[in-house]
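Input: a single structure, listed below in structure tokens.
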Amino acid sequence: MAKPSYFLDPDLQFHFKNTIGWGRIIPLYEELSESFTAEAALGMYSDTLKELGALAANELEETARASDETGSQLENGVVTYPEGVSRALEAYKRAGALAVTVGKKYDGMGMPGVIHMLNLEMMAKADPAFMTVYAFYA
């Protein structure tokens, strides 16, 4: 059974809704118009974080212990991640999460850095070791 998204955590919701200066941030990242408003952008950010939070809750948390027990291996100059880490990296890659802050003109999501930071927060809750691996790539 799927666990709820970590983004639904009351602390994260409070900060997302109350402490981030979205009014100043959104126009720096989005081309706003009558059909795409700041509210729509905020909804898009929220939906993205819900999906990323679900990945953390359902992909990372499930494999964190086994990944820690197995650990990464260095052999002949090549690092091999535990199966759970490799699988989670692929899931985040498929979700486009390795390019959250990469500009849209480069096929990234082009989202503000604060989205990346909230994503890292959710990852750290599920698997702090994976969060450091992800941060290396993203």
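The values are calculated or read from the model by the stated rules, or taken from the named source; none is laboratory data. Predicted model only: the values in this text are computed from it and were never measured. Positions of Cβ are backbone-derived with ideal geometry, glycine not excepted, and every protein chain shown enters the neighbour counts. Surface areas here come from the heavy atoms of the whole protein model, side chains and all, with no ligands, DNA or RNA. Shrake-Rupley method; radii C 1.70, N 1.55, O 1.52, S 1.80 Å.
Select from the stretch 1-27 the residues that are hydroxyl-bearing (Ser, Thr, Tyr) and in contact with a helix residue (DSSP H, G or I) (Cβ under 7 Å, 6 or more places away or on another chain) and write down the one among them that is farthest from Met117 (Cα to Cα). Show your work before the answer.
Initially, the stretch 1-27 is screened for residues hydroxyl-bearing (Ser, Thr, Tyr), giving 5-6, 19.
Checking which are in contact with a helix residue (DSSP H, G or I) (Cβ under 7 Å, 6 or more places away or on another chain) leaves us with 5-6.
On the way: Ser5: 16, Tyr6: 14 Å.
Result: Ser5.
Each row is one residue, and each column tells you yes or no for (1) open to solvent by 20 Å² or more (accessible area, probe 1.4 Å); (2) closer than 25 Å to Leu28 by Cβ.
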{"site": "Ala40", "(1), (2)": "yes, yes"}
{"site": "Leu49", "(1), (2)": "no, yes"}
{"site": "Glu61", "(1), (2)": "yes, no"}
{"site": "Val85", "(1), (2)": "no, no"}
{"site": "Val102", "(1), (2)": "yes, yes"}
{"site": "Asp107", "(1), (2)": "yes, yes"}
{"site": "Glu121", "(1), (2)": "yes, yes"}
{"site": "Ala129", "(1), (2)": "yes, no"}
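Only one of (1) within 12 Å of the chain's Cα centre (by Cα); (2) open to solvent by less than 30 Å² (accessible area, probe 1.4 Å) is not met by Val133, so which one is it? Among (1) within 12 Å of the chain's Cα centre (by Cα); (2) open to solvent by less than 30 Å² (accessible area, probe 1.4 Å), Val133 violates only (1). Beta carbons closer than 8 Å, at least 6 apart along the sequence or on distinct chains, never pair a first residue in the stretch 57-85 that is on the phi > 0 side of the Ramachandran plot with a second that is surrounded by fewer than 12 Cβ atoms within 10 Å (Cβ to Cβ) and part of a helix (DSSP H, G or I). With respect to Arg65, is the statement that it is loosely packed, with under 14 Cβ neighbours inside 10 Å and either touching an Asp or Glu at 6+ places or on another chain (Cβ under 8 Å) or closer than 18 Å to Lys3 by Cα (or both) true? Answer is yes for this residue. Of everything listed in (1) at pLDDT 90 or above; (2) within 30 Å of Leu28 (Cα to Cα), the single unmet condition for Gly77 is (2).
Any idea how many residues of the stretch 98-130 are more than 23 Å from Ala38 (Cβ to Cβ), touching a residue at least 40 places away in the same chain (Cβ under 8 Å) and of a type in the set (Gly, Ala, Ser)? Total satisfying the criteria: 2.
Kindly provide the set of residues from the stretch 29-38 that are assigned to a helix (DSSP H, G or I) and open to solvent by 40 Å² or more (accessible area, probe 1.4 Å), ordered by number.
Tyr29 - this is the single residue of the stretch 29-38 that is assigned to a helix (DSSP H, G or I) and open to solvent by 40 Å² or more (accessible area, probe 1.4 Å).
If only residues of the stretch 1-28 that are in a helix (DSSP H, G or I) and touching a Gly at 6+ places or on another chain (Cβ under 6 Å) are counted, the one that is most open to solvent (accessible area, probe 1.4 Å) is Tyr6.
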